[in-house]
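J.: Would you mind keeping the following structure in view while I ask a few things?
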Amino acid sequence: MPAEPCPALPTDSDEVCSIACDANDDPFSGDTARGGVYLAARYGLGVMVSMANMLVMTRWVGPHAYGLFVTAIGIVAFLAAVARAGVDTYLVRSESPPDPRMYGTAAILILAISMGLALMAAAATPLLICWYGNREFVAPYWVLLLMIPVTGLTGVPMAKLERALDFRSVAAIELAGQSIGLVAAVLLAWLHLGIWAPVIG
């Protein structure tokens, strides 16, 4: 009776090929790599647009007016980030895919928090005037406070795109917004609108 042949043991080359095939079959590897590229491009180009905005605004509206804008936008940007209360992060990291009802609840929650923060920030204006010893920033500050709910609500659709690993759309939307803002601010500064150029832009 002939002896049964021993099973062939996998060689190192076979293991390497198997791992390579598994990596090629994994759709997330390519999506993750492309997502990293888009995120890096978004960050790099965003920094360049912000730098160009700062250089143009300080030149055309003056350091004093731009400093007033930075004072107001710094407070508003902080409140806009707080307004999301981590809801957008939860939507991205939730184990179960959020349904339309969950996205709607998240938007309502962020809107309520945003409006509350905007009202409290407006009520704190006298304290800010005492702290800074200046009231020139008040009008731009109040206008920028209106953007807190808008900025907060953008977190919901952006979270939906990030959950779908659609970083290309995320980068395109954010860069388009920054670029449009830069063009608008430059145009308004050229029209000698002073501090309102960066506020509106």
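The values are calculated or read from the model by the stated rules, or taken from the named source; none is laboratory data. Everything numeric in this text was worked out from a predicted model, so none of it was measured. Cβ: placed from backbone, ideal geometry, glycine included. Neighbour counts: every protein chain shown.
J.: For residues that are within 18 Å of Ala107 (Cβ to Cβ) and either in a loop (DSSP other than H, G, I, E, B) or hydroxyl-bearing (Ser, Thr, Tyr) (or both), scanning just region 152-178, find the one that is modelled with the lowest pLDDT.
T.: Ala164
J.: Moving to a separate point now. Here is a list of conditions, (1) farther than 15 Å from Val82 by Cα; (2) touching a residue at least 60 places away in the same chain (Cβ under 8 Å); (3) surrounded by 15 or more Cβ atoms within 10 Å (Cβ to Cβ), and Tyr132 meets all of them except one; can you say which number that is?
T.: Every listed condition holds for Tyr132 apart from (3).
J.: Applying the selection to region 143-196, what residues are crowded, with 18+ Cβ neighbours inside 10 Å and of a type in the set (Ser, Thr, Tyr)?
T.: Within region 143-196, Thr151 is the sole residue that qualifies.
J.: From Met48, Met115, grab the single residue that is more than 19 Å from Gly194 (Cα to Cα) and surrounded by fewer than 13 Cβ atoms within 10 Å (Cβ to Cβ). Working first, answer last.
T.: Details: Met115 fails: surrounded by fewer than 13 Cβ atoms within 10 Å (Cβ to Cβ).
Testing whether each residue is more than 19 Å from Gly194 (Cα to Cα) and surrounded by fewer than 13 Cβ atoms within 10 Å (Cβ to Cβ) leaves just Met48.
J.: Is it the case that Glu162 is touching a residue at least 12 places away in the same chain (Cβ under 8 Å), more than 23 Å from Val143 (Cα to Cα) and within 16 Å of the chain's Cα centre (by Cα)?
T.: Numbers: touching a residue at least 12 places away in the same chain (Cβ under 8 Å): yes; more than 23 Å from Val143 (Cα to Cα): yes; within 16 Å of the chain's Cα centre (by Cα): yes.
Yes, satisfied.
J.: Every residue in region 82-111 that is of a type in the set (Gly, Ala, Ser) and either exposed (fewer than 14 other Cβ atoms within 10 Å of the Cβ) or in contact with a Pro (Cβ under 7 Å, 6 or more places away or on another chain) (or both), please. Steps first, please.
T.: Narrowing region 82-111 to residues of a type in the set (Gly, Ala, Ser): 83, 85-86, 94, 96, 104, 106-107.
Answer for region 82-111, where residues must be of a type in the set (Gly, Ala, Ser) and either exposed (fewer than 14 other Cβ atoms within 10 Å of the Cβ) or in contact with a Pro (Cβ under 7 Å, 6 or more places away or on another chain) (or both): Gly86, Ser94, Ser96, Gly104.
J.: Is it fair to say Ala80 is in contact with a Ser or Thr (Cβ under 7 Å, 6 or more places away or on another chain) and at pLDDT 80 or above?
T.: Details: in contact with a Ser or Thr (Cβ under 7 Å, 6 or more places away or on another chain): yes; at pLDDT 80 or above: yes.
Answer is yes for this residue.
J.: Here is a further query. Scan region 33-43 and give yes if some residue there is modelled with pLDDT under 80, in a helix (DSSP H, G or I) and either farther than 25 Å from Ser169 by Cα or over 24 Å from the mean Cα position of the chain (by Cα) (or both), otherwise no. First the steps, then the outcome.
T.: Of the residues in region 33-43, the ones modelled with pLDDT under 80 are 33-43.
Narrowing further to those that are in a helix (DSSP H, G or I): 33-43.
From what's left, either farther than 25 Å from Ser169 by Cα or over 24 Å from the mean Cα position of the chain (by Cα) (or both): none.
No: region 33-43 contains no residue that is modelled with pLDDT under 80, in a helix (DSSP H, G or I) and either farther than 25 Å from Ser169 by Cα or over 24 Å from the mean Cα position of the chain (by Cα) (or both).
J.: Could you please find all residues in region 116-151 being outside any helix (DSSP H, G or I) and among the aliphatic types (A, V, I, L, M)? Full working, then the answer.
T.: Keep residues of region 116-151 that are outside any helix (DSSP H, G or I), which gives 124, 133-137, 146.
Scanning region 116-151 gives Ala124, Leu146.
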